[in-house]
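The values are calculated or read from the model by the stated rules, or taken from the named source; none is laboratory data. A quick note: this is a predicted structure, and the numbers were derived from the prediction, not measured. Because the Cβ atoms are built from the backbone with ideal geometry, glycine has one as well, and the counts that use them run over all protein chains shown.
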There are 2 protein chains.
Amino acid sequence: MNEEQEIIQKYFLPIADNPESLMLSNDAAFINKQENMVISSDMMIEDVHFDKLDDPFCLAQKLLRVNLSDIAAMGAQPYGYILNLSIPKLNHELWLKRFCKGLAKDSEKFNLKLFGGDLGSSKNIFMSVTILGLVSKKFHKNMIAHEGSEIFVSDTLGDAGIGLQIKKGKFSKLKKSEKFFFLSKFNTPLPQIKLGKSLIGIADFCKDISDGFLKEIKFISKISNLQANIFLSEIPLSRQLKNLYNNVGNKKKIWELILCSGEDYQLFFSVNPKKKNLLKKKRIKNIKRVGYFQKGSGLVIYDQNKKIIKFNNDGFSHF
Amino acid sequence: MNEEQEIIQKYFLPIADNPESLMLSNDAAFINKQENMVISSDMMIEDVHFDKLDDPFCLAQKLLRVNLSDIAAMGAQPYGYILNLSIPKLNHELWLKRFCKGLAKDSEKFNLKLFGGDLGSSKNIFMSVTILGLVSKKFHKNMIAHEGSEIFVSDTLGDAGIGLQIKKGKFSKLKKSEKFFFLSKFNTPLPQIKLGKSLIGIADFCKDISDGFLKEIKFISKISNLQANIFLSEIPLSRQLKNLYNNVGNKKKIWELILCSGEDYQLFFSVNPKKKNLLKKKRIKNIKRVGYFQKGSGLVIYDQNKKIIKFNNDGFSHF
C-alpha cells in the first residue's frame with residue numbers, strides 16, 4: 001500500500017465503520033436506505049473561509065455543522081456524508097489526526113456516518129462535504145411565504161458575525177471571555193435539527209441563515225412576491241452582543257454586522273396566522289417573531305423608533 | 001437578488017431542470033428514487049490536476065467523467081450530481097458560460113442530472129462533484145480476486161499518461177495529430193459505464209484505473225492475499241503509443257508512464273475460469289487479458305521476454 005492508502009486506513013477507516021462505506025475500499029459507497037432523502041453540499045476554502053493555522057479539530061466541526069444546518073433547514077434527519085479534503089504535505093499526519101478527531105466527535109454527536117470521499121494534497125487547504133439526510137413524505141420543500149405570515153428566527157443573531165470580525169483583529173478591546181464567546185459562536189454553530197423537523201407542516205418555508213439575514217429574507221420576499229417587514233427591536237441578541245452594542249458609537253454599523261454577516265446558521269421561517277396555534281403547542285424555546293409578510297415587494301426594516309432604516313450591504317456574496 | 005444568486009439562476013438553473021433540484025432554491029436537493037444507490041466524489045484542483053488557463057468546457061467534461069468512471073466501476077447507472085465550484089472573480093461570467101456548456105453536454109450524453117451544490121470565489125480554481133448512481137441488488141461490491149482468476153483491462157492503457165507529459169512540455173517532437181490524440185485521451189476519458197454493468201455477476205471485482213495500473217493491482221493483490229502476475233506483452237497499446245514506443249530509447253521509462261501514470265479511467269477486473277464462458281457470451285469488444293492471480297503475495301511483472309521486471313514507481317500518490 002502507498003502512503004495515501006495508509007492514511008485512509010489509519011485515519012479515515014476508524015471513523016467510517018458503517019456498512020455503507022464498504023470499508024472505504026471501493027470506488028463508491030453503497031446506500032441501501034430506500035427512503036426519501038435530501039442532499040446538499042458546502043465547501044470551506046483556505047483564505048476564504050478560514051486560515052491555514054486554524055485548529056483542524058474546529059474546522060472539521062464547522063465543516064460538518066454548516067452542512068448539517070442545510071439538513072436542519074429541510075426538516076431532515078442527518079444520515080451520512082462524503083468528504084473531499086486536500087491539504088499540504090507538510091505536517092499532514094499531525095493535521096489529519098486532529099481533523100479526524102473533530103469529525104469523529106461531531107459524527108457521534110449528530111449521528112452521522114462517513115461514507116467515503118476523496119483525499120489529495122495541495123498548497124492551500126480545501127475541504128467540502130456532501131451530506132445526505134432522511135425525510136418522510138413531508139419536508140420543507142416550499143420556499144414561498146404567505147401574505148400575513150409572521151417571520152421567526154430560531155435564536156440570537158449576529159454573534160458569529162462579531163466572531164468573524166474578532167478573528168480579523170477588530171473589537172480588540174473586548175474582554176477575553178467575550179471574545180471567546182463570539183469566536184465559539186463563529187467556529188462551532190449549532191445546527192437546528194430538532195427545530196427543523198418540528199416545524200414541518202407548520203412553517204410556510206424554512207431556511208438557514210448562512211449568508212446574512214437580510215440577503216436571505218430578500219430572496220424569500222422576491223420569490224414569494226411579497227413585502228417583508230422586519231423590526232430591529234424584535235431581533236434577539238445575546239447578552240454579550242447587547243453589551244457590545246451599548247458600548248459602541250456607530251449603532252448602525254453594528255446592526256449591519258448583525259443582519260448581514262451571516263454565519264449564524266440559525267433557522268428563519270414564517271408561519272401563517274392560521275397555524276400559529278400549532279406553533280404554540282410545540283412550546284419551542286428561543287424562537288422569536290421578528291416581522292411579517294404583506295402585499296407588496298421588497299424588504300422594509302424598521303428601527304427601534306419604528307422609522308424605516310436602510311442598509312447599504314445585504315449580506316455575503318462571492319461575486 | 002445579489003450577483004451570486006443571479007449567476008445561479010442564469011447559468012446553473014437551465015442545466016438543473018429536474019424535480020430533484022427543487023429549482024435550486026432550497027438548502028438541499030430532494031431525492032425520491034427509492035432504489036439502491038452508490039455515491040462517490042472526486043475533486044479537481046488548480047495546479048494539481050489542471051492549469052488556470054485550461055478550457056473550462058473540457059474541465060467540466062473531465063470533472064463529470066472521472067466521477068462517472070467510479071459509477072462505471074460499481075456497475076451502476078448514472079443518476080445525478082452535486083457540484084462544488086470556486087473560481088476567481090476575474091472574467092468569471094465568461095469562464096462559467098463555457099464551463100456550464102461542458103456540464104450540459106456531458107450531462108446529456110451520460111443521462112446525468114445536476115441536483116445542486118455550492119458556488120464560491122477564490123484565487124485558485126477548485127471543483128468537486130459528488131455523484132449518485134443507481135444499482136440493482138447486484139453490483140461490484142466485492143474487491144477480492146480469486147486464485148486462478150484472469151486479469152483483464154477494458155481498453156488501451158497509457159495514452160492519458162502520455163497526454164499529461166505532453167501538457168507538461170515533454171514529447172515536443174511528436175506530430176500535432178499525435179499530440180492531439182494523447183491530449184484528448186487525457187482531457188476527456190470515456191467512462192466504461194456499459195461494460196461495468198455487463199460485468200455484474202461475472203467479474204470477481206471491478207475497479208477503475210485512476211491512479212496507475214500497478215498501484216491499483218497491488219491494492220487488490222494485498223486485500224485478496226494473492227500474487228498478481230502481469231505480462232507487458234499483453235498490455236493493450238494504441239497505435240499512436242506503439243509508434244512512440246518504437247521511437248524512444250528508454251523503453252522502461254515508457255512502460256513506467258504506461259503503468260504508473262494513471263488517468264486512464266479504463267476498468268480492470270478479474271474473472272474466475274469457471275465464469276469465462278459467461279464473459280465470452282457477452283462478446284465485449286476491446287477487453288484484454290493481461291495476467292492472472294495465483295497463491296502468494298505481491299505483484300510480479302514479466303517483460304516481453306518473460307523475464308521479471310521491476311519498477312521503482314507504483315503510481316500517483318498525493319502523500
- Task: Considering every residue within the stretch A:95-109, establish whether at least one is of a type in the set (A, V, I, L, M), at the interface with chain B (Cβ under 10 Å from one of its Cβ atoms) and buried (at least 23 other Cβ atoms within 10 Å of the Cβ).
- Result: no
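Being closer than 19 Å to A:T130 by Cα and in contact (Cβ under 8 Å) with a residue 24 or more places away in the chain is true for just one of B:S122, B:S40. Which residue is that?
Only one candidate passes the filter, namely B:S40.
Residue-wise test of (1) within 24 Å of the chain's Cα centre (by Cα); (2) more than 10 Å from every other protein chain (Cβ to nearest Cβ).
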{"site": "B:I7", "(1), (2)": "no, no"}
{"site": "B:I39", "(1), (2)": "yes, no"}
{"site": "B:H49", "(1), (2)": "yes, no"}
{"site": "B:R65", "(1), (2)": "yes, yes"}
{"site": "B:L83", "(1), (2)": "yes, no"}
- Here are some residues: A:I151, A:I131, A:I125, A:I162. Which one is among the β-branched types (V, I, T), more than 10 Å from chain B (Cβ to nearest Cβ) and over 30 Å from A:K252 (Cβ atoms)? A:I125
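Between A:K222, A:K141, A:K173, which is among the basic types (K, R) and assigned to a helix (DSSP H, G or I)?
Of the residues listed, the single one that is among the basic types (K, R) and assigned to a helix (DSSP H, G or I) is A:K222.
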- Query: Does A:G158 satisfy being among the small types (G, A, S) and surrounded by 24 or more Cβ atoms within 10 Å (Cβ to Cβ)?
  - Reply: yes
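Is there a residue being more than 14 Å from chain B (Cβ to nearest Cβ) and crowded, with 20+ Cβ neighbours inside 10 Å anywhere in the stretch A:210-224?
The answer is no, given that none of the residues of the stretch A:210-224 is more than 14 Å from chain B (Cβ to nearest Cβ) and crowded, with 20+ Cβ neighbours inside 10 Å.
Conditions (1) touching a Lys or Arg at 6+ places or on another chain (Cβ under 8 Å); (2) of a type in the set (D, E); (3) surrounded by 18 or more Cβ atoms within 10 Å (Cβ to Cβ); (4) assigned by TED's automatic domain parsing to the domain that holds A:N111, marked per residue:
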position	(1), (2), (3), (4)
A:Q9	no, no, no, yes
A:I15	no, no, yes, yes
A:P19	no, no, no, yes
A:F30	yes, no, yes, yes
A:K33	no, no, no, yes
A:I39	no, no, yes, yes
A:M43	no, no, yes, yes
A:E46	yes, yes, yes, yes
- Query: Condition test on A:S128, is it of a type in the set (S, T, Y) and more than 20 Å from A:L64 (Cβ to Cβ)?
  - Reply: no
- Note on the structure: The lone condition A:K113 fails out of (1) among the charged types (D, E, K, R); (2) touching an Asp or Glu at 6+ places or on another chain (Cβ under 7 Å); (3) away from chain B (no Cβ under 12 Å) is (3)
- Message: Just the residues that are of a type in the set (S, T, N, Q) and part of a strand (DSSP E or B), please, taken from the stretch B:107-138.
- Response: B:S121, B:S128, B:T130
- Message: So the check is Cβ under 7 Å with 6+ separation or different chains; which pairs have a first residue in the stretch B:270-292 that's at positive phi and a second one that's part of a loop (DSSP other than H, G, I, E, B)?
- Response: B:N286/B:S154; B:N286/B:D155
- Task: Give me the pairs, please: first residue somewhere in the stretch B:237-258 and exposed (fewer than 12 other Cβ atoms within 10 Å of the Cβ), second residue anywhere and in a loop (DSSP other than H, G, I, E, B) and among the polar types (S, T, N, Q), beta-carbon distance under 8 Å, and either six or more positions apart or on two chains.
- Result: none
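So that you can scan it fast, the table gives a plain yes or no per residue for (1) within 29 Å of B:G163 (Cβ to Cβ); (2) among the polar types (S, T, N, Q); (3) within 25 Å of the chain's Cα centre (by Cα):
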position: B:L232; (1), (2), (3): yes, no, yes
position: B:K252; (1), (2), (3): yes, no, yes
position: B:I258; (1), (2), (3): yes, no, yes
position: B:Y265; (1), (2), (3): yes, no, yes
position: B:V271; (1), (2), (3): no, no, yes
position: B:G296; (1), (2), (3): no, no, no
position: B:I308; (1), (2), (3): no, no, no
- Message: Please go through the stretch A:304-319 and give me each residue that is among the charged types (D, E, K, R) and surrounded by fewer than 15 Cβ atoms within 10 Å (Cβ to Cβ), ordered by number.
- Response: A:K306, A:K307, A:K310
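If you go through the stretch A:10-29 one residue at a time, do you hit one that is basic (K, R), within 13 Å of chain B (Cβ to nearest Cβ) and either over 27 Å from the mean Cα position of the chain (by Cα) or outside any loop (DSSP other than H, G, I, E, B) (or both)? Step through it out loud before you land on a result.
Step one: of the stretch A:10-29, the residues basic (K, R) are A:10.
Next cut, within 13 Å of chain B (Cβ to nearest Cβ) only: A:10.
From what's left, either over 27 Å from the mean Cα position of the chain (by Cα) or outside any loop (DSSP other than H, G, I, E, B) (or both): A:10.
Looking through the stretch A:10-29, at least one residue is basic (K, R), within 13 Å of chain B (Cβ to nearest Cβ) and either over 27 Å from the mean Cα position of the chain (by Cα) or outside any loop (DSSP other than H, G, I, E, B) (or both).
Going through B:Y292, B:Y265 one at a time, which residue ends up being within 14 Å of chain A (Cβ to nearest Cβ) and either modelled with pLDDT of 95 or more or touching a Lys or Arg at 6+ places or on another chain (Cβ under 9 Å) (or both)?
Step by step, each of B:Y292, B:Y265 is checked, and only B:Y265 is within 14 Å of chain A (Cβ to nearest Cβ) and either modelled with pLDDT of 95 or more or touching a Lys or Arg at 6+ places or on another chain (Cβ under 9 Å) (or both).
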